[in-house]
Amino acid sequence: MNSSPATAPPAAGPLAGLKVIELGQLIAGPFAARTLADFGAEVIKIEAPRGGDPLRQWRLLKDGTSVWWQVQSRNKRSLALDLREPEAQAIVRQLAADADVLIENFRPGAMEGWGLGPDELLAANPALVMLRISGYGQTGPYRDRPGFGVVAEAMGGLRHLTGEPGRAPVRVGVSIGDTLASLHGVIGVLLALQHRRATVSVQHPRGCGQVIDVALYEAVFNCMESLLPEYSAFGAVREAAGSALPGIAPTNAYRCADGGYAIVAGNGDSIFRRLMRCIGRDDLAADPALADNAGRVAQVATLDAAIGAWTATRTVDAVLDALAAAQVPAGRIYTIADIAADPHYAARGMLRQVEMADGSALAVPGFVPKLSLTPAAHRRNAPALGEDTDAVLREVGLSEAQIAALRERGIVG
């Protein structure tokens, strides 16, 4: 596989020097922390001594550990602590007192129950930025409900729109609700750090920290485009529409002669005319009733039939070649095998090779976004459970005897 070199000297990254404590597990909090780590932040991931983050065992395993782990936890350090124990909670408070950011995605109230809520942590470190990701947020009547991304996708309005009309809604094939919440959380952290820089004063030599409250369902809802204003203005409830995009035409997936599908987006006015000429329908290109989107939406069935009749006589490759020549946006539906073999992915550095502990190579996604002066980098592989426990505890001042005693009692691992 063509890929970016993993041996190039890593760049420092724009977040070099930023100290981040990651609590929580699975996807939402860890994805946010990974994004910061990719761009240079020092991330200490705290996980349970027995078993660690459950993501270590999710999906396909290699030598007993999920290969997903190598993506979600790259560039992090692992500190194994039993947060139920007062001594472990005290260590977290020590770390937070010197940290810039703390990320957690427990159910609301869990951190407070451990004496690690924002009142305690910000009192000790007023410059701390605390990102809290939960299913329903830290307030409101649903705050205490358990919330996973799939539930948030349903409550946020996404699940109602996925699938074919008249059939059961289907889920997006990845944990998109968690990931959207993570990205909103990263935005919140960067905004809070900017505010912190702007509030440096004699009273606050490092500036003022704050709490960022991200609810999974709100992150999904924030991406629901025109749903609410359309309902407010017209009482319109958008329904599932399969591969089409209601109110925008023509844009759909069209079956081709070889059984595959081509995604065709001909919904710009000039693009539509080029598309119609490309498929031999100059009559539709010249029809004044189809000159704008509103007119095309009114006749979307006619347009889909015309495009579908044309694609049905050609392979996917032939369709895409013709549309590329006509400058009409179109594409194939990629599997991961298609992605792994695609030269554009490789040229953009999105297919990286990392060397595993046993010397084998593993392909992992590259970095997004791409910064010209301070790019992200792969600095270290995802850690083994507790790989950095002793080093981190020494950094906060614990002696070898104290570390050994905590390990003997199972408080650290």
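The values are calculated or read from the model by the stated rules, or taken from the named source; none is laboratory data. Worth saying up front: this structure is predicted, and the values here are computed from it rather than measured. Every residue, glycine as well, gets a Cβ built from its backbone with ideal geometry; the counts of neighbours run over all protein chains shown. SASA here: full protein model, heavy atoms, side chains in, ligands and nucleic acids out. Shrake-Rupley method; radii C 1.70, N 1.55, O 1.52, S 1.80 Å.
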Legend entry - The one condition in (1) at pLDDT 95 or above; (2) under 17 Å from residue 99 (Cβ atoms); (3) touching a strand residue (DSSP E or B) at 6+ places or on another chain (Cβ under 7 Å) that residue 70 fails to fulfil: (2)
Inset, instruction - Those residues that are under 17 Å from the mean Cα position of the chain (by Cα) and open to solvent by 10 Å² or more (accessible area, probe 1.4 Å), I need them from the stretch 28-57; list them, please. - result: 31, 34, 35, 39
Legend entry - Cross-chain or 6+ apart pairs with Cβ under 7 Å, the stretch 343-372 first and over 15 Å from residue 71 (Cα atoms), then surrounded by fewer than 12 Cβ atoms within 10 Å (Cβ to Cβ): 358/63
Legend entry - Scope the stretch 183-217; condition farther than 13 Å from residue 100 by Cβ, in contact (Cβ under 8 Å) with a residue 40 or more places away in the chain, open to solvent by less than 40 Å² (accessible area, probe 1.4 Å) and not hydrophobic (A, V, I, L, M, F, W, C); matching residues: 185, 188
Inset, instruction - For the stretch 159-171, indicate whether the set of residues that are more than 30 Å from residue 91 (Cα to Cα), buried (at least 18 other Cβ atoms within 10 Å of the Cβ) and in contact with a Ser or Thr (Cβ under 9 Å, 6 or more places away or on another chain) is non-empty. - result: no
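Condition first: part of a helix (DSSP H, G or I) and among the basic types (Lys, Arg). Now tell me which residues in the stretch 281-303 satisfy that. Before the answer, list the steps.
Just the residues of the stretch 281-303 that are part of a helix (DSSP H, G or I), to begin with: 282-286, 288-290, 293-298, 300-303.
Within the stretch 281-303, 296 is the sole residue that qualifies.
Please determine whether any residue of the stretch 73-95 is within 17 Å of residue 216 (Cβ to Cβ), at pLDDT 95 or above and within 26 Å of the chain's Cα centre (by Cα). Steps first, please.
Going through the stretch 73-95, the residues within 17 Å of residue 216 (Cβ to Cβ) turn out to be none.
Looking through the stretch 73-95, none of the residues is within 17 Å of residue 216 (Cβ to Cβ), at pLDDT 95 or above and within 26 Å of the chain's Cα centre (by Cα).
Matching residues to (1) over 24 Å from residue 176 (Cα atoms); (2) surrounded by 14 or more Cβ atoms within 10 Å (Cβ to Cβ):
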site	(1), (2)
225	no, no
255	yes, no
284	yes, yes
296	yes, yes
300	yes, yes
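Could you check how many residues of the stretch 311-368 are among the β-branched types (Val, Ile, Thr) and either within 25 Å of residue 62 (Cα to Cα) or open to solvent by 70 Å² or more (accessible area, probe 1.4 Å) (or both)?
Here is the first cut: in the stretch 311-368, the residues among the β-branched types (Val, Ile, Thr) are 311, 313, 315-316, 319, 328, 333, 335-336, 339, 354, 364, 368.
Filter again for either within 25 Å of residue 62 (Cα to Cα) or open to solvent by 70 Å² or more (accessible area, probe 1.4 Å) (or both), leaving 313, 333, 335-336, 339, 354, 364, 368.
The total comes to 8.
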Inset, instruction - Output the number of residues of the stretch 43-97 satisfying the condition of being in a helix (DSSP H, G or I), under 21 Å from residue 19 (Cβ atoms) and in contact (Cβ under 8 Å) with a residue 12 or more places away in the chain. - result: 10
